[in-house]
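Scroll down for the structure; my scribbles are underneath it.
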Amino acid sequence: MTTRVEFRQFLKIAIYSLLLVNFILYIIDDIRIASYTMRNGGSLLEWTRAFATTIDESAWLILLFLFELETYLLSDQTLNRPIFNRIMYVIRIFCYVFLVHSVYAFSIIYIDLIKVELIPNVSNLCELVPMDLSFVRNLFYTEIDLKNCLSLSSDQVFYFTEPALVVSDISGLRLEKNLALVDILEVLVWLLILSTIEIMVWLHDKAITRGSLISFMRGAKYILYGSLWSIAAYWTYLGHYYFAWDEALWIVGFISIEMNVSDWRKEIEEGSQG
C-alpha cells in the first residue's frame with residue numbers, strides 16, 4: 001500500500017511539473033501568435049483575448065494546486081481555520097473570473113470569425129503581397145511573400161480573419177471556426193468537471209459520501225472526461241500533438257485529484273464505521 005501511495009505521489013509531481021513546463025510553452029506560443037494578430041497594438045481587452053490561453057492555463061494551475069492542498073496535503077484542522085478559508089475563497093474567485101474571461105475570449109474569437117470580411121477584387125494570394133499580410137491555416141501563421149504565395153493557397157476567395165493583418169481562404173476559415181468552437185467546448189467541459197469536484201469537496205466536508213447526486217456526478221464524469229479525450233484525439237488528427245499532449249496531462253492531473261477525493265471518501269466512511 002505504501003509503495004502504491006509513493007508511486008501516485010511521484011506520478012503527481014511529474015504531471016504537475018510537466019504542466020508547468022507546458023504553461024511556459026503556451027506563453028511563448030501566445031507571444032508568437034500575438035506577433036501576427038496584435039502587430040498594430042490594441043486595447044487591454046484585446047490583449048487579454050490574445051493571451052486567453054495563457055490566462056486560462058494560469059487559472060487552472062492555481063486551482064489544481066488548491067485542490068491538491070484541500071484534498072491531500074493539508075489537514076482538516078488547517079482547512080477549518082477561518083483565515084485560511086478566506087484566503088482560499090479569494091484566490092478561487094480570481095481564478096473563476098479568469099476562467100469566465102476565457103469563455104468570453106474564445107466566444108468573441110468565434111463571433112469575429114463568423115463576421116469576417118471578404119477581400120474584394122482579389123483572385124490570387126500573390127496579389128496581397130504588397131499589403132504585408134500573414135496567411136493562417138490550422139493555427140499556423142506565415143507571412144505572405146512572392147516565394148510562398150502560390151504554395152500557401154490556390155483559392156480565389158480570401159477573407160480577413162484579423163482586420164488588415166491576417167487572411168485565410170475558404171477551407172482555412174472553416175477550420176479556424178471549428179478550432180474556435182473546440183476551444184469553447186473544451187473550456188465549458190472543464191468548468192463542468194470543476195463544478196463536480198467543488199460539489200464533491202463540499203459534500204465531503206459535511207461527511208456526505210453517498211446519495212443520488214454523488215452517483216449522478218460520478219456517471220457524468222465518464223462522459224465529460226470522454227469528451228476531453230475526444231478533443232485530444234481531434235488535436236492529434238490535425239497535427240497539434242503538443243495540444244493533445246497537454247490535454248492528456250490535464251486529464252491525468254485532475255484524475256489524480258479525483259483519486260484524492262475518493263481516498264478522502266473512504267477515510268470518512270471508515271471513520272463513521274469506527
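The values are calculated or read from the model by the stated rules, or taken from the named source; none is laboratory data. Small disclaimer: the values here were computed from a predicted structure and weren't measured. Backbone-built Cβ (ideal geometry, glycine too); neighbour counts: all protein chains shown.
Residues in region 129-174 that are of a type in the set (A, V, I, L, M), surrounded by 12 or more Cβ atoms within 10 Å (Cβ to Cβ) and without any contact (Cβ under 8 Å) to a residue 60 or more places away in the chain: 129, 131, 133, 144, 152, 157, 167, 170. Within region 115-124, not a single residue is surrounded by 15 or more Cβ atoms within 10 Å (Cβ to Cβ) and not in a loop (DSSP other than H, G, I, E, B). From the list 157, 201, 167, 182, the lone residue that is out of contact with any Lys or Arg (no Cβ under 6 Å at 6 or more places or on another chain), under 22 Å from residue 42 (Cβ atoms) and β-branched (Val, Ile, Thr) is 167.
Could you say whether any residue in region 196-209 is at pLDDT 80 or above, out of contact with any Gly (no Cβ under 8 Å at 6 or more places or on another chain), hydrophobic (A, V, I, L, M, F, W, C) and closer than 16 Å to residue 252 by Cβ? There is at least one residue in region 196-209 that is at pLDDT 80 or above, out of contact with any Gly (no Cβ under 8 Å at 6 or more places or on another chain), hydrophobic (A, V, I, L, M, F, W, C) and closer than 16 Å to residue 252 by Cβ. Scanning region 198-242 for residues that are loosely packed, with under 12 Cβ neighbours inside 10 Å and assigned to a loop (DSSP other than H, G, I, E, B) gives 206, 207, 210, 211.
Scanning region 88-111 for residues that are modelled with pLDDT of 90 or more and more than 20 Å from residue 57 (Cβ to Cβ) gives a single hit, 111. Annotation: residue 191 fulfils all but one of (1) part of a strand (DSSP E or B); (2) under 30 Å from residue 71 (Cα atoms); the unmet one is (1).
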